[in-house]
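K.L.:
My questions all concern the structure below.
FYI, it's all coordinate maths here, none of it is from the lab. Remember, it's a predicted structure, so these values are computed and weren't measured experimentally. As a convention, Cβ positions derive from the backbone with ideal geometry for all residues, glycine included, and neighbour counts pool all protein chains shown.
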Amino acid sequence: MAVDGGAVTLTGALPTRDEWELARRAVLSLESIHALADDIEVRDARSPGHTDSELASLARAALRRGDGFAPDSVVAEVRGHDVTLLGTVRSASERMAAERAVIYLPGLTRIFNRIRIERESDSSDALV
């Protein structure tokens with residue numbers, strides 16, 4: 001933990017989300033703390049050896065191997081063994097294909113699919 005003028009940065013690793021939440025609450029309950037940067041790694045006991053960083057690498061590799069969408073159109077963010085998919089694809093089927101690419105990663109607890117679907121341009125906007 002580092003403190004700088006009321007801003008705290010938490011670092012390190014904890015074995016459970018409960019301990020992570022307790023650490024965050026303890027710091028935020030201090031009257032002199034006005035900002036919190038949370039860099040704590042939560043290591044899920046159900047997936048020994050897989051840190052969020054390792055899971056992020058696995059997710060990126062799975063997205064690169066994925067089929068049915070452009071791999072460079074999607075990125076994965078990992079926090080506490082939850083994967084959030086971000087980016088823009090052309091269709092709902094591409095959005096689901098990206099999710100299928102990462103769904104069976106070891107240690108994954110949840111997927112938040114925040115991939116956007118491009119809107120088709122309105123034909124009335126076309127110049128004749």
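K.L.:
If you add up the charges near residue 87, with Lys and Arg at +1 and Asp and Glu at -1, over every other residue whose beta carbon is less than 14 angstrom from its beta carbon, what do you get?
P.N.:
+1
K.L.:
Fewest to most neighbouring Cβ within 10 Å: what's the order for 85, 36?
P.N.:
Exposure proxy ranking, most exposed first: 36, 85.
K.L.:
Also: Given Cα pairs under 8 Å that are at least 6 residues apart, what percent is the relative contact order of region 52-117?
P.N.:
This gives 37 percent for region 52-117.
K.L.:
Going by how many other Cβ atoms sit within 10 Å of their own, how do 34, 50, 81 line up, fewest first?
P.N.:
If I rank by nearby Cβ atoms, fewest first, I get 34, 50, 81.
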